[in-house]
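Heads up, the thing below is written out as structure tokens.
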Amino acid sequence: MEAAPKEISKTKAKQRYLRRKKERRKHRKQAQPKAGEKTGVVEHDSDNESEEEDVEEPAQVMEVDEREPAVPSFTEDTPQKTEKRPKKRRKLSEDAEEITTNDPAPSRSPSPVAAFPSFPLPTLPDAPTESALALQGLDQALIDAEVVDPAVVQSMSDSNEQGDAGACLSEEMRKRLHDLGITELFAVQTALLPFLLPSNPWQKALYQPYDPPRDICVSAPTGSGKTLAYAIPIIEILSTRIVTRLRALIVLPTRDLVTQVRETFEAIGKGRGLKIGTATGQHSFAHEQSQLVIDEADRLLAQSYQDWLIRILAATRPPKASAHHVLEDLLGTSSPDEHSCNYPDALNPAFMHLLPYPEFPSFISEKKEGSCQKLLFSATLTRDPAKLASLEFRDPKYFVVHRRPEQQNHDIENSVLDVATERFTFPDTLKEHMVICETAKKPLVLFHLVHQYHISNALIFTKSAESTARLVHLFDFFEKSQSSSFFANHYSYDAPVDMRKYVHRVGRTARAGKEGDAWTLVEEQEARYFKTMMKNASHLEKIKRERVRGRILNRLFRITRMLWVS
Ligand SMILES: Nc1ncnc2c1ncn2[C@@H]1O[C@H](COP(=O)(O)OP(=O)(O)OP(=O)(O)O)[C@@H](O)[C@H]1O
């Protein structure tokens with residue numbers, strides 16, 4: 001009984017709802033420009049609509065539209081599903097264009113969607129070339145280097161013209177060199193001698209504190225005659241001195257090299273009244289030096305033991321005169337013992353204030369600078385700006401003895417680039433070989449090579465004393481060759497791990513224009529690294545790969561075992 005009014009009210013409400021629904025549908029139809037035209041708009045009913053209307057959730061509609069665009073649902077409860085949403089923005093814009101053309105009234109037509117400006121896609125900038133990178137941060141003096149062709153040779157007999165390397169040598173020096181069998185000057189010597197021994201007498205002065213000489217850096221291949229290039233000028237300049245003082249200091253990385261260079265100086269300076277000594281660290285470095293030579297510079301600069309460079313450079317600079325000393329000097333109360341500087345024949349004027357008497361007057365504008373000239377030599381000259389800066393060069397001049405292997409006409413820029421990118425120059429007379437083999441078979445390979453090529457004179461590099469000891473047992477020829485100064489053959493029994501080391505090792509042969517062979521035994525596991533290193537230095541094609549047949553090695557192995565057992 002009580003349910004009746006409820007049913008009636010429900011029916012009324014339903015009727016109201018259906019009426020409103022009908023009205024809405026009618027409005028919607030009127031709002032549509034054409035029957036069946038898609039608007040892409042999904043309407044939502046107001047809050048007072050029944051639960052059935054809530055079925056039309058926008059997300060669901062979109063989902064249906066996207067998945068089944070061709071099969072729309074026509075159920076009465078979800079009328080909006082008949083309305084298709086535009087799938088793509090392009091479609092919408094096409095429709096918009098259509099509307100614009102069909103309906104000329106500007107107020108009613110939707111304005112066309114402005115296309116977004118298209119921005120160019122981001123692209124990577126071109127990578128800088130290897131040469132551009134190599135030149136970055138390079139010392140300008142190196143870029144302006146004087147490039148010398150290694151093939152240049154100058155005979156001393158016909159070099160009498162002004163500017164010729166031979167012409168700047170004294171008669172005594174020419175005679176001495178001739179006695180030593182040196183009749184021509186090598187490329188590095190032809191470039192350096194006129195620079196270090198100028199014809200102008202003012203520039204020949206030992207001390208030039210008002211116009212100090214330029215420092216020099218030399219990059220020249222191994223065995224190209226760098227030692228004579230500085231030994232000759234030092235002897236020529238110092239042989240005119242009367243009082244014995246330490247005037248030139250040559251810094252070398254090993255004792256062997258010290259002995260070698262000392263012998264060269266003794267041979268060239270014979271009869272010139274010069275004393276040549278080797279530094280043992282017991283004597284202080286006096287203030288009178290005029291030249292500082294750093295040979296094998298890259299190796300020395302790689303070592304910083306005992307701060308050798310800082311100490312030596314400090315010794316080449318005069319200490320500042322303290323006010324106390326100046327006063328004592330003026331009053332004449334200072335004792336000579338307080339000063340380390342005694343009475344040389346010609347004291348570097350930069351050190352004058354250390355003398356135990358007042359400084360004699362000179363022009364006030366005269367700037368007295370130390371004039372110690374630095375000469376730097378290397379076959380693998382560093383381009384590291386930090387290392388070069390640590391040498392405190394004064395207006396340096398670079399000499400690069402280099403020829404590009406692929407082009408005979410060597411131009412300055414490319415030669416400097418080769419130095420900068422560590423593409424080193426090797427002697428023209430050097431032949432290089434490599435053998436890739438198993439680690440265990442290396443001694444046999446070496447043994448075979450020595451006997452196959454009838455080698456009687458060779459220098460062998462190993463990485464440890466144990467390896468050397470083992471090889472000494474195997475090769476009695478090694479002992480015989482120890483006394484020889486020139487090795488026609490060089491073997492890297494253990495392959496070097498960096499290019500600079502390789503250059504210096506193979507450079508022990510093919511020196512001074514003589515023929516020489518360098519062999520490198522590469523273990524199988526090192527082969528890839530070694531080849532990449534050579535390829536990066538553009539040198540791989542210069543090394544000939546040799547093969548030793550397994551059959552030969554097996555036979556050698558059997559013989560060795562038999563000898564060992566017996
Ligand atoms: N003008 C020359 N004529 C003949 N022989 C020379 C001449 N100059 C140098 N030599 C000889 O060449 C050899 C190599 O010279 P030097 O030791 O000076 O080479 P280097 O360039 O210093 O090599 P490295 O960088 O490997 O030390 C020496 O035996 C030297 O006597």
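The values are calculated or read from the model by the stated rules, or taken from the named source; none is laboratory data. No experiment lies behind these values; they were computed from the predicted model shown. Cβ sites come from the backbone with ideal geometry, for glycine too, and all protein chains shown count toward neighbours.
Per the conditions (1) near the ligand (Cβ under 10 Å from one of its atoms); (2) at pLDDT below 85, the sole criterion not satisfied by VAL261 is (2). Determine whether region 416-433 contains at least one residue that is more than 34 Å from the chain's Cα centre (by Cα) and not in a helix (DSSP H, G or I). Taking every residue of region 416-433 in turn, none turns out to be more than 34 Å from the chain's Cα centre (by Cα) and not in a helix (DSSP H, G or I).
Yes or no, residue by residue, for (1) within 16 Å of the ligand (Cβ to nearest atom); (2) surrounded by 19 or more Cβ atoms within 10 Å (Cβ to Cβ); (3) closer than 25 Å to ALA440 by Cβ:
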residue	(1), (2), (3)
ARG508	yes, no, no
ALA512	yes, no, no
THR520	no, yes, yes
ALA527	no, no, yes
MET534	no, yes, yes
HIS539	no, no, no
LYS544	no, no, yes
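Residues in region 546-566 that are in a helix (DSSP H, G or I) and either surrounded by 10 or more Cβ atoms within 10 Å (Cβ to Cβ) or modelled with pLDDT of 70 or more (or both): GLY550, ARG551, ILE552, LEU553, ASN554, ARG555, LEU556, PHE557, ARG558, ILE559, THR560, ARG561.
So, in region 186-201, of the ones that are outside any helix (DSSP H, G or I) and over 32 Å from the mean Cα position of the chain (by Cα), which residue ends up modelled with the highest pLDDT?
Initial filter on region 186-201 (outside any helix (DSSP H, G or I)): 186, 197-200.
Still in the list and also over 32 Å from the mean Cα position of the chain (by Cα): 197-200.
Values: LEU197: 86, PRO198: 77, SER199: 73, ASN200: 70.
Checking each candidate, the answer is LEU197.
Could you tell me whether LEU446 is in contact with a strand residue (DSSP E or B) (Cβ under 9 Å, 6 or more places away or on another chain) and within 21 Å of LEU553 (Cα to Cα)? Criteria met by LEU446. With respect to the numbered conditions (1) loosely packed, with under 13 Cβ neighbours inside 10 Å; (2) within 16 Å of the ligand (Cβ to nearest atom), which one is the sole condition not fulfilled by TYR502? Only one criterion is unmet by TYR502, namely (1).
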